[in-house]
Amino acid sequence: MKELSCPEYVAAMNGLMAELMRALMTAGDPVLGMIQQTTVDHVPDGDADPEAAVGVMRSVEIATTFNLKFDAILTTDVDAWSAMMYEAAQQALAETMPQVFEGMKDAISKGGNVVDAKGRPFDWDVYLDALDMVELDFDDEGKPKLQTLVVHPDVLERIKNLPFTDEQKARGDAIIARKKLEFDARRRVRKLG
């Protein structure tokens, strides 16, 4: 007996499962949800330019198991299929996010934007040290477009109760003012190719 082959159905099912996995993973992790995702036809192999920090990311490899009972397939049990997809997405997140954070750490290190707190717990001075190291953009009203601070939930609880002193506010205002001057200077420079 000849095996029936329907490559268009297989391709459609693979595409649907990949799209659902991405959506479930993005919805299931707040950090992954903040990362811009773009679908491309080809991702080049090899390392990025060591001078580049923006867009530096190595491939993230994951393996998931799709467990669905044969009865669920025969009865087209949508709830069982949805649960299978959810479990697979949770497995994928458990493998993906440590690799994503390692890639971010690598990119930040290559970009020279590492702040060493030398063992002291997070405080606003550590944040201001980091703010002082990065390039800032500003909107049309002159307000800074600050980067999103991503921290462990324990650190988040600490931040909620951490006072911002007058000295820290003055330092932050001075950093923002200097970054605005740097931003304006970058905008005035025009390079003709």
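FYI, it's all coordinate maths here, none of it is from the lab. These numbers were taken from a predicted model, which means no experiment stands behind them. A quick note on method: Cβ atoms are made from the backbone with ideal geometry, for glycine too, and the neighbour counts reach across all protein chains shown.
What do you get for chymotrypsin sites (Phe, Trp or Tyr not before Pro) in the range 138-193 restricted to DSSP loop and a cutoff of at most 15 other Cβ within 10 Å of the site's Cβ? It would help to have the intermediate numbers written out before the result.
Details: sites: Phe138, Phe164, Phe183; in loops: Phe164.
Within the range 138-193, the qualifying chymotrypsin sites (Phe, Trp or Tyr not before Pro) (loop, at most 15 other Cβ atoms within 10 Å) are Phe164.
List the relative contact order of the chain as a percent without decimals, with contacts defined as Cα pairs under 8 Å and 6+ residues apart. Show your work: numbers first, answer last.
Details: 111 pairs, mean separation 36.5, N = 193.
Value for the chain: 19 percent.
Summing -39500 (n - 2.57) over the DSSP H runs of n ≥ 4 in the chain and dividing by its residue number, what mean residue ellipticity at 222 nm do you reach, to the nearest 500 deg cm²/dmol? Each step should come with its number before you reach the end.
Working: 7 runs with 107 residues, N = 193.
Estimated from H runs of four or more residues: -18000 deg cm²/dmol.
Picking from Gly142, Gly33, Gly172, which is most flexible by a Gaussian network model of the chain using Cα springs under 10 Å?
Among Gly142, Gly33, Gly172, the largest GNM mean-square fluctuation belongs to Gly142.
Calculate the tail of P(r) for the chain: the fraction of all Cα-Cα distances greater than 21 Å, expressed in %. Walk me through the numbers on the way to the answer.
Values: 12674 of 18528 pairs.
Value for the chain (Cα pairs over 21 Å): 68 percent.
So how compact is the range 98-138: Cα radius of gyration and Dmax in angstrom?
In order Rg, Dmax, the Cα atoms of the range 98-138 give 11.6, 32 Å.
Under unit Cβ charges (Lys, Arg +1; Asp, Glu -1), what dipole magnitude, rounded to 20 debye, does the chain have relative to its Cα centre?
Working: 22 positive and 34 negative charges, 150 e Å.
For the chain, the charge dipole is close to 720 debye.
What is the set of long-range amide H partners of Phe138 at a cut-off below 5 Å, with H atoms built 1.01 Å from backbone N?
Lys145
So for the range 109-170, what percent of the C-alpha to C-alpha distances run longer than 19 Å?
So the pairs more than 19 Å apart make up 41 percent of the total in the range 109-170.
What nm distance separates the two modelled labels at Ala80 and Val151, each placed 7 Å from Cα along Cα→Cβ?
Each label point lies 7 Å from its Cα, and together they span 4.7 nm.
What order do you get for 66-76, 16-26 when each peptide is scored by the mean count of other beta carbon atoms within 10 Å, highest first?
On the way: 66-76: 10.7, 16-26: 15.2.
Top of the packing list down: 16-26, 66-76.
In nm, to one decimal, how far is the modelled label at Ile35 from the one at Lys118, with both set 7 Å along Cα→Cβ?
Calculated label separation equals 3.3 nm.
How much length, in nm to one decimal, is gained on full extension between Asp125 and Asp184, taken as 0.36 nm per residue of separation minus their Cα-Cα distance?
Working: separation 59, 0.36 × 59 = 21.24 nm, distance 2.56 nm.
In short, 18.7 nm is gained.
Hydropathy at least 0.0 by Kyte-Doolittle, axial extent at least 15 angstrom from the Cα trace: which helices of the chain, defined as entire DSSP H runs, fit?
Values: long enough: 7-28 (31 Å, 0.58); 78-111 (46 Å, -0.09); 166-188 (33 Å, -1.43).
Helices meeting the span and hydropathy rule in the chain are 7-28.
Would you mind telling me which residue in Lys110, Lys179, Lys160 has the biggest mean-square fluctuation in a Gaussian network model of the chain, where springs connect alpha carbons within a distance under 10 angstrom?
Highest fluctuation among the options: Lys160.
If each residue of separation counts as 0.36 nm, what is the full-extension length gain between Asn14 and Ser109 once their alpha-carbon separation is subtracted?
Value of the extension gain: 30.6 nm.
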